[in-house]
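After the structure tokens below, expect a handful of questions from me.
The values are calculated or read from the model by the stated rules, or taken from the named source; none is laboratory data. All values reported here derive from a predicted model rather than from experimental measurement. Positions of Cβ are backbone-derived with ideal geometry, glycine not excepted, and every protein chain shown enters the neighbour counts.
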Amino acid sequence: MKIRFIEPGNVPYRKSIKNLYVYDKYIRTPSQGAMTLATIVEPYVDDVKVYSESISLIQWEDVLDADIIFISIFSFNANRGYELACQIRKKSQAKIVFGGLHATLHYREAVAYGDYVLIGEGDETIVQLIQCLRQETEPLFPGVAYERQGETFCTGEAVTPENINVIPKRELVHNFKKMTKYNTIWPQVHASRGCPHNCDYCTIVAAFGRKMRLRTPENIVEDIRRAIAFFEEGNHRLTRTLWITDDNFFADRKWAMAVLNHIIESKIDYQFTIQARYEVGYDDEMLELLKKAGFSELAMGIEFLEDEAFENYHKKSTYQDILKSVKNIQRHGLKVRGLFIVGADNHTKGVGKRLADFVIKHHISGVLIQSMYFIPGTPVYESHKERIIEPDNWSRCVGKVVHHPEKISPIELQKEILVASKTIYSNKRLIQALIRKKGLERILFIGEYFWQREYRKELKQDIKYLRAKGIS
């Protein structure tokens, strides 16, 4: 049996000089999902490979004669995934199976483009599905959706896997090793799943639940070693940093400290970055461990700067909570990267300037600014679905404005994002970074400067698109 996995790209990879200094234009780090499932599947079949449009073109002569083609989609690349499925359907007899976060939360849409949808985490169900397709029997176990005679059937929620100690084989991804020469992509490790919180706009709880499931510290450190070796061997990388991609690494404090202690004991000579909620900024012992383990910064989900917005979307924090946390993290010698959302119902003109002023005043090392988007299965989708600009155009979920906010027009909100980006990543601040910053911090700011410049070009082009559609 021959199986191929495809990770679509919202904008598929292409060769470009910009790949040397701009992340997420034509190049980005492949996600962990398809890689992990391919690793699980490999012992059961003869031939397995992953194609990620984040780093390579799809070799169709190798894909079209596969028995099963799995397509893993997030919302931002869902439309591209459907496009690829339609191409495959015309030229191949392969069974097409969708999976991933978007397919899980919107399986009724995804199933129209494929033969099956694997709902939830496929660690255990993927092998069961392969066995059913091999034996030409219908999958009756929980966690599968399919369409018969125009009617969609779902066998129920998949059993949540408890054992997630799978170290993905990165070599299963076509061209991945070759692309590790690019400093614009980084090694990544995912250590836990789930989140105990209840933010209305977050897809993680909707897809993976509130119960935290954890890999063992030993397993995580071994994955870190392999990820670093995969990226470093044969290369002279400037950005020697690994990203632990968990959405809420610090939710289980005892476990998080055990992982950090294992990293320290391993004596791995590398820098790390990680996502965090503000609460970790109050934990001096944790911050000391992070610094000792080689962490250089925390990417904090700040989201908003207004208490009203926090309350409206059930984000349990306040402006003062955030500020206190940022200051204490910086006091421990760690940098803070800010992850922000604009487009809350209380946002008005000036939100971009307020965001930029906060970032500059409080020495936030870099930003990711997203306009709020709305994915089926989340509470915020149900409350805002009538205000979405293009309900089926998921490719807009890359920071562009996707809805009509209450107190500002879509185009004006997009202009606010432009103001924030241009102010934070101005020519003046680039010169200051070249003079004052050193090492990795300087390299990152330069890279982000060019990334944000490309991002602003896309937002400006999109404003023209919105105006052409009669949206103000």
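Regarding the stretch 101-114, can at least one residue be identified that is touching a residue at least 40 places away in the same chain (Cβ under 8 Å), assigned by TED's automatic domain parsing to the domain that holds Asn19 and loosely packed, with under 14 Cβ neighbours inside 10 Å?
yes
Let me ask you something else. I need the full set of residues from the stretch 39-59 which are of a type in the set (Asp, Glu) and either assigned to a loop (DSSP other than H, G, I, E, B) or more than 26 Å from Glu124 (Cα to Cα) (or both), in order please.
Those that are of a type in the set (Asp, Glu) and either assigned to a loop (DSSP other than H, G, I, E, B) or more than 26 Å from Glu124 (Cα to Cα) (or both): Asp46, Glu53.
How do the pairs read when you match residues in the stretch 164-176 that are surrounded by fewer than 21 Cβ atoms within 10 Å (Cβ to Cβ) with residues anywhere that are basic (Lys, Arg), using Cβ under 8 Å and keeping only pairs 6 or more apart or on different chains?
Hits for this filter: Ile164/Arg193; Ile164/Arg213; Ile164/Arg215; Asn165/Arg215; Ile167/Arg226; Glu171/Lys177; Leu172/Lys49.
Consider the stretch 231-290. How many of its residues are closer than 19 Å to His332 by Cα and touching a Cys at 6+ places or on another chain (Cβ under 7 Å)?
Selection size over the stretch 231-290: 0.
If you scan the stretch 267-283, which residues turn out to be of a type in the set (Gly, Ala, Ser) and part of a helix (DSSP H, G or I)?
Passing the criteria: only Gly281.
In the stretch 15-43, which residues are without any contact (Cβ under 8 Å) to a residue 24 or more places away in the chain and under 21 Å from Val63 (Cβ atoms)? Before the answer, list the steps.
Pass one, the stretch 15-43, residues without any contact (Cβ under 8 Å) to a residue 24 or more places away in the chain: 15-17, 26, 43.
Lys15, Tyr26, listed by residue number.
Scan the stretch 188-218 for residues that are among the polar types (S, T, N, Q) and crowded, with 16+ Cβ neighbours inside 10 Å and jot them down.
Of everything in the stretch 188-218, those that are among the polar types (S, T, N, Q) and crowded, with 16+ Cβ neighbours inside 10 Å turn out to be Gln188, Ser192, Thr203, Thr216.
Quick check: anything in the stretch 7-24 touching a strand residue (DSSP E or B) at 6+ places or on another chain (Cβ under 9 Å), among the hydrophobic types (A, V, I, L, M, F, W, C) and either at pLDDT below 95 or under 23 Å from Asn163 (Cβ atoms) (or both)?
no
Within the stretch 1-33, track down each residue that is aliphatic (A, V, I, L, M) and in contact with a Gly (Cβ under 8 Å, 6 or more places away or on another chain).
Ile6, Val22
Here is a further query. From Ile3, Ile17, which residue is crowded, with 23+ Cβ neighbours inside 10 Å and either of a type in the set (A, V, I, L, M) or closer than 19 Å to Leu118 by Cβ (or both)?
Numbers: Ile17 fails: crowded, with 23+ Cβ neighbours inside 10 Å.
Only one candidate qualifies: Ile3.
Now for a different question. Note down all Cβ pairs under 9 Å where the first residue falls in the stretch 363-380 and is of a type in the set (Phe, Trp, Tyr), the second is modelled with pLDDT under 85, and they're at least six residues apart or on different chains.
Tyr373/Tyr201; Phe374/Tyr201
Determine whether Ser75 is out of contact with any Asp or Glu (no Cβ under 8 Å at 6 or more places or on another chain) and of a type in the set (S, T, N, Q).
Taking the combined requirement at face value, the residue satisfies it.
Can you find, within the stretch 307-331, the residue that is farthest from the chain's Cα centre (by Cα) among those that are in a loop (DSSP other than H, G, I, E, B) and either crowded, with 17+ Cβ neighbours inside 10 Å or free of Cβ contacts under 8 Å to residues at least 24 places away in the same chain (or both)?
Per the stated criteria, the residue is Thr318.
Name the residue, out of Ile463, Ile431, that is under 26 Å from the mean Cα position of the chain (by Cα), part of a helix (DSSP H, G or I) and of a type in the set (Val, Ile, Thr). Working first, answer last.
Values: Ile431 fails: under 26 Å from the mean Cα position of the chain (by Cα).
None of the others qualify; the one that does is Ile463.
Which condition from (1) within 29 Å of Phe445 (Cβ to Cβ); (2) assigned to a loop (DSSP other than H, G, I, E, B); (3) not β-branched (Val, Ile, Thr) is the one that Phe231 breaks?
(2)
Also, I was wondering about something else. For the stretch 286-317, give me the residue count where each residue is modelled with pLDDT of 95 or more and of a type in the set (S, T, N, Q).
Number of matching residues: 0.
Let me ask something else. Could you check Asp46 against (1) surrounded by 20 or more Cβ atoms within 10 Å (Cβ to Cβ); (2) modelled with pLDDT under 95 and say which number it fails?
The one condition Asp46 does not meet is (1).
Still on this structure, I have one more. Of the residues that sit in the stretch 226-239 and are surrounded by 14 or more Cβ atoms within 10 Å (Cβ to Cβ) and in contact with a helix residue (DSSP H, G or I) (Cβ under 8 Å, 6 or more places away or on another chain), which one is nearest to Pro196 (Cα to Cα)?
Within the stretch 226-239, the match that is nearest to Pro196 (Cα to Cα) is Ala227.
Please tell me if Thr378 is at pLDDT below 95 and of a type in the set (S, T, N, Q).
yes
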